[in-house]
Amino acid sequence: MVDLYRAYPPEFYARNTVIVARELIGSFLCRKLEDASVLWGPIVEDEAYRQHEPASHAARGPTPRCQVMFGPPGYAYVYFIYGRYHCLNVVTEEAGYGAAVLLRAVGADQTKGPGKLCETWDIGFQHNGISLMNPGFSLWICPGDRPGPELIVCSRRVGITKAEELPWRFYLKGHPSVSGPKFPGSGKKRQSQN
DNA sequence: GGGCCGATTGTT
DNA sequence: ACAATCGGCCCG
């Protein structure tokens, strides 16, 4: 049985972002709302973003928007995109290095995609910079049952148009909440491992 | 202040 | 294939 009121320690996040992204699949995202009700569900899709690559917000250094990516690991980085949606990330690696994992889908509700996840769970700028290591406080992540490697698919990330694409997206094979095109087998680019 | 662009999503 | 929609970022 999963205990929703524990959390990963900072050391879990203070590692290579791609490793953290893979290991976060199956972990539980938890959200306590204003009325004290709690939403929770397993992370079924995420993506890694690291400092020295054009596709990352951190590529051009710690701007006001992405400065929390350069802070200590285990904290939330929330950004606003396309004039409509917020997206939630977990900061990774050592402080001073800009990196994070974008949480794209949770296997709890009918919605899919990072924008819809934040919309449905009322996640926004009020969470930017808060710790995800305090169980019971607004937003946190706790360990779950880690799926076997045969259930975790690795593919290119969604929505990257300019930069060179990297196989840094992970998702639970066949899960209905996974967003975007199912790249492996959808005929464009190839799958990869990691 | 102006102009361009986007880690999205839903519709054509 | 494309529009909606506006904050962030760069330039001047």
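Suppose R0 equals 22 Å. What FRET efficiency, 1/(1 + (r/R0)^6) with r the Cβ-Cβ distance, do residue A:130 and residue A:82 give to the nearest 0.05? Kindly include the intermediate steps, with their values, before the conclusion.
On the way: r = 23 Å, r/R0 = 1.06.
Given R0 = 22 Å and the Cβ-Cβ separation, E is 0.40.
Can you tell which of A:161, A:63, A:17 shows the greatest fluctuation in a Gaussian network model of chain A with Cα springs below 10 Å? The residue with the greatest mean-square fluctuation here is A:161. How much FRET efficiency would the formula 1/(1 + (r/R0)^6) give for residue A:162 and residue A:94, where r is the Cβ-Cβ distance and R0 is 25 Å, rounded to 0.05? Step by step, r from the Cβ atoms, then E = 0.40. Spacing of the modelled spin labels on residue A:15 and residue A:151, each 7 Å from Cα toward Cβ, amounts to 1.9 nm.
Suppose every K and R has +1 on its Cβ and every D and E has -1 on its Cβ; what is the size of the dipole of the stretch A:1-160 about the Cα centre, in Debye to the nearest 20? Mind showing how you got there, number by number?
Working: 15 positive and 16 negative charges, 85 e Å.
Using only the charged Cβ atoms, the result is roughly 400 debye.
Can you pull out the chymotrypsin sites (Phe, Trp or Tyr not before Pro) in the stretch A:1-53 whose DSSP state is coil and whose Cβ has at most 14 other Cβ atoms within 10 Å?
Numbers: sites: A:5, A:12, A:13, A:28, A:40, A:49; in loops: A:5.
Of the chymotrypsin sites (Phe, Trp or Tyr not before Pro), the ones in loops of the stretch A:1-53 whose Cβ has at most 14 other Cβ atoms within 10 Å are A:5.
Only aspartates and glutamates eight or more places from residue A:112 in sequence, or on another chain, were considered; those with a Cα closer than 17 Å are A:45, A:46, A:47, A:122. Pair-distance distribution P(r) for chain A, from all Cα-Cα distances in 5 Å bins starting at 0: 1, 8, 17, 22, 23, 17, 8, 3, 0, 0 percent. Each of A:63, A:103, A:159 was placed along the dipole of chain A (beta-carbon charges, centred on the mean Cα), and the one lying farthest toward the positive end is A:159.
Rule-based calculations on the coordinates, nothing more; no lab input. All of these numbers come straight from a predicted model, not from anything done at the bench. Don't worry about glycine lacking a Cβ; one is built from the backbone with ideal geometry, like all the others, and counts go over all protein chains shown.
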